[in-house]
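Accompanying notes for the structure given below.
The values are calculated or read from the model by the stated rules, or taken from the named source; none is laboratory data. Worth saying up front: this structure is predicted, and the values here are computed from it rather than measured. Reconstructed Cβ throughout: ideal geometry from the backbone, glycine too, with neighbour counts over all protein chains shown. Heavy atoms of the whole protein, side chains included, go into the accessibility calculation; ligands, DNA and RNA do not. Shrake-Rupley method; radii C 1.70, N 1.55, O 1.52, S 1.80 Å.
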Amino acid sequence: MRSVWEITINNEKYKMNFDSYTSIYNVHDTREEEILLNIHEFFQPRKSKENEVLIYDSLNDISLNNKTYQSFYWDNNTLFEEFKLASSSTMNKALQRNLSEDIDVGMYLNTINSLLDESIGNIQESTPIKVEHVDFKKLLKMIYFDLNESDQFKGYFEKLKLVLPMLVEEVKKSAKSTPLIILNHPESYLSPKEQKMFKEVLNQLDVTIIVLTESIYFLSDSLEGLNHYSRMRLVLDRNFIEDLYWSAPMEFDEDSINQSLLNIIKLYISKFEVSPVITNYKLSDIILFEPVDIYVCLRYLKHCNYDFEIDFDYSKIPKPLKEYIYHL
């Protein structure tokens, strides 16, 4: 599944790391949402942006077309409509299909309509009335999720945890190609604890997901699915990661460097844009003790062109790393 997409939108090029679970951290100087909306439009079975948008998998040397995936774009407004079983919602369409395919429901509707005809037959001679028969669409207007009246579903998270897996199962059945779910800021209306629990729900869904988020809890658990942009440039790319290893001032092994980079981003990415103070001996914005973490963090912030301050106890830092810091 792992790949690197090169996305061209109206002759502007962007890169994106892509995996079965892909996260994009939302920063203020990049139009990540615009990129995702174009990807969503591109992967539609009928209305596609193939003339305006091109997507090339540079890692696997494949050009994607609009039938590679079928995209579903969900934000909080979309999900609220799903909770209400709105007429345009995925769950409404699923229920309509399920009802129409159920022979027993069709028989029951015929019985109901016959009873309605009989019930007004006695007064039709004196009163010119008719009754509309109940069909699947009319029946759907009488159906609703019991989410607001039950103590079990009082909170937004409880509703989300119930409905989202149902939505995913439906799109897996109905999609014309492999479904691609794009979630826009799933952290909205969720507490930090609920965000962590909801990420576990997402991890259990057997579907390809792209998440746009400002929450560390929804970041990918692998570098292959992690995206961080600065001034419209993907700064977390393979070239940087490889150079991070080869340019290290000490003999750090590749796995420890990659794990360090992943940990630092997932812990501290929200601090990067606020000129953080980095230290190894007291409370501060970013606190690092291991030499590999200090090297990786400084190198990454420098690579991203972020401002930062350092306040180290140099007696706890190996000499090669100390010299590297002096020459930053």
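Adding -39500 (n - 2.57) for every DSSP H run of four residues or longer, then dividing by how many residues the chain holds, sets the calculated 222 nm ellipticity at -12500 deg cm²/dmol.
The magnitude of the dipole of the range 41-91, with charges of +1 and -1 set on the Cβ of Lys/Arg and Asp/Glu and taken from the Cα centre, is near 220 debye.
Of Tyr108, Tyr314, Tyr268, the residue with the largest accessible area leads and the full order is Tyr108, Tyr314, Tyr268 (1.4 Å probe). Could you tell me which of Ser220, Ser174, Thr208 has its Cα farthest along the dipole of the chain towards the positive end, charges placed at Cβ (Lys, Arg +1; Asp, Glu -1), taken about the Cα centre? Selected residue: Ser174.
Between helix 254-268 and the chain there is an angle of about 60 degrees, using the helix long axis and the longest principal axis of the Cα atoms.
Ile264 contributes about 10 Å² of solvent-accessible surface, heavy atoms of the protein only, 1.4 Å probe. Mean sequence separation of contacting Cα pairs (under 8 Å, at least six apart), scaled by the length of the chain, corresponds to a relative contact order of 20 percent. Using only side-chain charges placed at the Cβ, +1 for Lys and Arg and -1 for Asp and Glu, the dipole size of the chain relative to its Cα centre rounds to 320 debye.
Kirkwood-based Rg over Rh for the chain (C-alpha set), two decimals?
Here Rg/Rh amounts to 1.14.
Among the GluC sites (Glu not before Pro) in the range 162-261, those placed in a DSSP loop whose Cβ has at most 14 other Cβ atoms within 10 Å are Glu214, Glu251. Accessible area per residue (1.4 Å probe, heavy atoms of protein chains only) ranks Phe289, Phe83 as Phe289, Phe83, with the largest value leading.
If R0 is taken as 30 Å, the Cβ-Cβ distance between Ile123 and Phe80 corresponds to a FRET efficiency of 0.10. Take the Cα of Lys282, step 7 Å toward its Cβ, do the same at Arg46, and the gap between the two points is 6.5 nm. At an R0 of 30 angstrom, the distance between the Cβ atoms of Asp311 and Asn203 translates into a FRET efficiency of 0.20. Relative contact order of the range 63-143, taken over Cα pairs closer than 8 Å and 6 or more residues apart, is 23 percent.
What shape does the range 86-142 take by its C-alpha gyration tensor, where a ≥ b ≥ c are the square roots of the eigenvalues and a/c under 1.5 counts as rounded, a/b above b/c as prolate, and the rest as oblate? Here the range 86-142 falls in the oblate category. Along Cα→Cβ, 7 Å out, is where each label goes; now give me the distance between the ones at Met107 and Glu214 in nm to one decimal. My value for the distance between the label points is 5.6 nm. Computed over the alpha-carbon atoms, the range 238-327 gives an Rg to Rh ratio of 0.92, Rh here being the Kirkwood radius from the mean inverse distance. Among beta bridges identified by DSSP and lying wholly in the chain, the antiparallel ones come to about 45 percent.
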